[in-house]
Amino acid sequence: MSITRERLSPEASRSLALEAARALLIEAGPQAVTLKAVAARIGKTHANLLHHFGSAAGLQAALARHIAGRVTQGIAGAVTRARAGETDPREIVDRTFDAFDREGAGALAAWMILSGNRDALNPVLEAIHGLVDQLGQGHEDRPVHETTLWLVLAALGDALLGEALVDALGLPREAAREAARRHLIAMHGLDTPPS
């Protein structure tokens with residue numbers, strides 16, 4: 001019996017590679033996101049991935065763009081629901097903190113900066129800027145830029161150092177998220193929806 005491979009479109013092949021790269025990032029950290037490892041995971045050749053991404057830096061930039069797109073869509077939805085009183089502002093905080101911690105964006109960003117690949121962060125920064133512009137429309141009276149700044153920095157710091165710091169301070173693991181939630185509610189007058 002012979003095995004036949006289904007030929008994927010270039011878009012489907014890139015998408016498959018990005019999901020494999022995201023899984024490697026979450027499982028083993030940013031240093032595991034190599035062309036060779038992603039190729040092995042999806043049963044493609046190193047040359048095939050070079051064709052799609054150009055280099056390891058190209059793969060990492062595409063991964064950053066992929067994660068940023070997923071995350072900003074989720075956060076935009078959470079903000080819209082919170083403004084309508086349909087969800088607890090905690091969802092905004094959780095989505096932001098999860099993006100940098102559980103989704104691996106914090107480790108990826110730090111690794112890119114430390115390895116000198118700062119340009120790969122541009123898609124992330126552009127996605128955040130686009131999100132802020134979108135969320136600010138019709139809400140010019142709210143400090144959306146400042147809120148985004150402190151929330152992203154808090155989430156990034158928590159992803160990189162939070163666990164060790166709360167252990168050292170004797171605080172519960174969720175302390176930074178709870179502080180961010182309280183600050184978000186106070187700053188924007190958001191309220192939790194009735195149960």
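Matching residues to (1) without any contact (Cβ under 8 Å) to a residue 12 or more places away in the chain; (2) under 13 Å from the mean Cα position of the chain (by Cα):
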| site | (1), (2) |
| --- | --- |
| Arg81 | yes, no |
| Val93 | no, yes |
| Asp98 | yes, yes |
| Gly116 | yes, no |
| Ala127 | no, yes |
| Gln134 | no, no |
| Thr148 | no, no |
| Leu160 | no, no |
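Among the residues of the stretch 1-45, those that are modelled with pLDDT of 90 or more and among the charged types (D, E, K, R) comprise Arg14, Glu19, Arg22, Glu27, Lys36, Arg41, Lys44. When each of Leu24, Leu50, Leu35, Leu16 is tested for being among the hydrophobic types (A, V, I, L, M, F, W, C), surrounded by 14 or more Cβ atoms within 10 Å (Cβ to Cβ) and either at positive phi or out of contact with any helix residue (DSSP H, G or I) (no Cβ under 6 Å at 6 or more places or on another chain) (or both), the lone residue that passes is Leu50. Candidates in the stretch 64-95 are the residues that are in a helix (DSSP H, G or I) and among the hydroxyl-bearing types (Ser, Thr, Tyr); of these, the one that is farthest from Arg118 (Cα to Cα) is Thr80. For the stretch 100-114, enumerate the residues that are more than 10 Å from the chain's Cα centre (by Cα) and either among the β-branched types (Val, Ile, Thr) or more than 17 Å from Leu151 (Cα to Cα) (or both). Result: Trp111, Met112, Ile113, Leu114.
The residues on offer are Glu163, Glu146, and the sole one that is over 30 Å from Gly58 (Cβ atoms) and modelled with pLDDT of 95 or more is Glu163.
Which residues, taken from the stretch 130-154, are over 13 Å from His183 (Cα atoms) and part of a loop (DSSP other than H, G, I, E, B)? Listed by number, the residues that qualify are Gln137, Gly138, His139, Glu140, Asp141, Arg142. In the stretch 69-92, the condition of being of a type in the set (S, T, N, Q), within 23 Å of Leu121 (Cα to Cα) and touching a helix residue (DSSP H, G or I) at 6+ places or on another chain (Cβ under 6 Å) is met by at least one residue.
For the stretch 107-121, a tally of residues being surrounded by 12 or more Cβ atoms within 10 Å (Cβ to Cβ) and not in a helix (DSSP H, G or I) returns 2. Scanning the stretch 162-180 for residues that are surrounded by 14 or more Cβ atoms within 10 Å (Cβ to Cβ) and either over 21 Å from Thr72 (Cα atoms) or under 14 Å from the mean Cα position of the chain (by Cα) (or both) gives Gly162, Leu165, Val166, Leu171, Glu174, Ala175, Ala179.
The values are calculated or read from the model by the stated rules, or taken from the named source; none is laboratory data. Since the model is a prediction, treat every value here as computed from it, not as a measurement. All Cβ positions, even for glycine, are placed from backbone atoms using ideal geometry, and neighbour counts span all protein chains on display.
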